[in-house]
Every structure is written in C-alpha cells, then in structure tokens.
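The values are calculated or read from the model by the stated rules, or taken from the named source; none is laboratory data. Bear in mind the structure is a predicted one, so any value in this text is a computation, not a measurement. Here the Cβ positions follow ideal geometry from the backbone for every residue, glycine too, while neighbour counts run over all protein chains shown.
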Amino acid sequence: MSPLQSPSALQRRRGTARVLVVFSALLLSTCLCLADDGAPADSAVRTLIEEFMTAQTLSLPGKVSLDIELKPSHPLPPCKAMQPFLPLGSAAMGRISVGLRCSGAAPWTRFVSTYVSVEGRYLAAAHAIEAGRAIEAADVQEKTGDLSRMPRSVLLAGASVAGTVAVTRIGAGVPLRKEMVRGTLVVRQGQTVNLVAQGAGFTIRTEGVAMTAGEAGALVRARSSDNRMVSGIADKDGSVLLSSTPPVTNRATPTP
C-alpha cells in the first residue's frame, strides 16, 4: 500500500471500480437488445414476453411454463421500445398470441405464438360412476396434468364434491367437470313442500306445491294453497324459505 493512501481511500477506489464494472455490464446488456440492423434481438424479445406473461399468469392454479415460438426467418422490424399485450378477450392459458406493439416514426404490431402450460392438480373419477349416483370422497382422486389442455370447467384439487350427484355416467380416470355433477335435489317438481316465512318475532308456515326442482340453496318456485306463485330458497330439509310476501293462511309459530 502506498504511504499516501489510507485504507478508507483504497476502499473508496475499489467501490468506484465495482460500480463502473456493473454500469459497463448494464450498458453492454442494453446494446445486446438490438441487432446490427436495429431489430430487437430474439433473446430480448423472449425476455420481454416472459416477464409480461409471468405477471399475466400469477393467478393460475399451478406451475406455469412458456413455449415462445420466435421465427428467425421472420425477424421483427427495428424498434427501440416494444410494448407487449394480449388481444382483447384472450385467456392467458393454452395456445395464445402475444402482441408486440412498437410506436414511433414507423409503428408496427406483430404477434408471437406462445403456448402457456399449467401443471396443476385436478379431480378425476377413481372408478366408473353411474348417472344419478351420489358421489362420495372415495369416488374421486387427485391427479396432476396440464390444465391448459382441459376444459375450463374442470374441478381442481380441493373442490368439494361429496354429496353431489353424477348427471351422466363418468368413466374411470375421467377428469370431473362442473357440468358433470349437481347438488342433491332437496325439492322436486310437483312435490308438496312447506313454505316458511320468518320475520321479527314470528314464523309463518303453510303448504304448497313445488313448481321447479332445486338443490339446497337454489332458488325455486312454488304454488301456495290459495294458488299464489311464490319463490324462495330450497332448504336442506326440503322446505322453501320464502323470499317474497307469503300467503297468511295458516298458523303462525312465535319465534323463541
């Protein structure tokens, strides 16, 4: 060490040197973003799309992978700054086209074919399930696969299907979809049901006939004993909790 240099001065010089190295590396990476003719380099385009799609797929239920198809035979025109986007209505899953927009003196728009795969867990039939059968926990199993290749209505792992009923026959190993199952019907069309209305300090009960069927929690319609049409929520015990003014024709039970 030179007698004229203190340890703190030497440390400052080394720190300055590191900053210059980092700054030089940043300048070099910026220069590498453009080819000799000013066109964006493939690596820069790929990085731009990857960063954009990472933000677009944060909410997807699984591990996301991208297959970006850049064609060397069709290089992009020169551009200093590109803006990626997804066409209106596009879902960020499966085969999509990622748009690249360049503004400036010679604006242009191009699309890059990209496949977004999502490896996630879903529910499948553990064995064949016949139509009309109530589904139990032992009837389903979890599997792992590319969710982007499945219908959007596939039931993901963690979904509760216990107590539902198979609408159609489901083969062994077939991924379960929302339209394949329904809740157990607690009210059937033509069935005599209890119509229940509750208020402050009272409960009114009367009988009626269900005009529509429904599972617990579904909105159903019924005809009261004096031929008035009412609507309400099907309760798990088969009664209908009225959502409109009920006919006051039967007994009122005080609410405890």
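Quick one: VAL193 ticks every box in (1) at pLDDT 95 or above; (2) over 35 Å from the mean Cα position of the chain (by Cα) except a single one, so which number is it?
(1)
So, in segment 175-207, of the ones that are surrounded by fewer than 14 Cβ atoms within 10 Å (Cβ to Cβ) and among the β-branched types (Val, Ile, Thr), which residue ends up farthest from LYS236 (Cα to Cα)?
By that ranking, first place goes to THR192.
Between residues in segment 72-90 that are in the same structural domain as THR109 (by TED's automatic domain parsing) and without any contact (Cβ under 8 Å) to a residue 24 or more places away in the chain and residues that are of a type in the set (A, V, I, L, M) and surrounded by 13 or more Cβ atoms within 10 Å (Cβ to Cβ), which pairs lie under 7 Å by C-beta distance while being six or more apart or on different chains?
Going by the 7 Å Cβ cut-off, the qualifying pairs are SER90/ILE96.
Could you list, in sequence order, the residues of segment 116-151 that are under 11 Å from LEU176 (Cα atoms), surrounded by fewer than 20 Cβ atoms within 10 Å (Cβ to Cβ) and within 14 Å of the chain's Cα centre (by Cα)?
Scanning segment 116-151 gives MET150, PRO151.
Looking at VAL98, VAL45, VAL112, VAL118 in this structure, which one is touching a strand residue (DSSP E or B) at 6+ places or on another chain (Cβ under 9 Å) and within 15 Å of SER148 (Cα to Cα)? Quick ask: steps written out before the conclusion?
On the way: VAL98 fails: within 15 Å of SER148 (Cα to Cα); VAL45 fails: within 15 Å of SER148 (Cα to Cα); VAL112 fails: within 15 Å of SER148 (Cα to Cα).
Criteria check complete, one pass: VAL118.
Output the qualifying pairs, or none if there are none: Cβ atoms under 6 angstrom, residues six or more apart or on different chains, first residue in segment 200-222 and more than 30 Å from GLY132 (Cα to Cα), second residue at pLDDT 90 or above and surrounded by fewer than 17 Cβ atoms within 10 Å (Cβ to Cβ).
ARG205/ASN194
Specify which of the listed residues (SER153, SER97, SER113, SER103) is within 27 Å of ARG46 (Cβ to Cβ), of a type in the set (S, T, N, Q) and at pLDDT below 95. So that I can check it myself, show each step before the final result.
Numbers: SER153 fails: within 27 Å of ARG46 (Cβ to Cβ); SER97 fails: at pLDDT below 95; SER113 fails: at pLDDT below 95.
After ruling out the rest, the residue left standing is SER103.
Across segment 172-188, which residue is modelled with the lowest pLDDT among those that are in a loop (DSSP other than H, G, I, E, B) and touching a strand residue (DSSP E or B) at 6+ places or on another chain (Cβ under 6 Å)?
Checked segment 172-188; the qualifying residue modelled with the lowest pLDDT is THR184.
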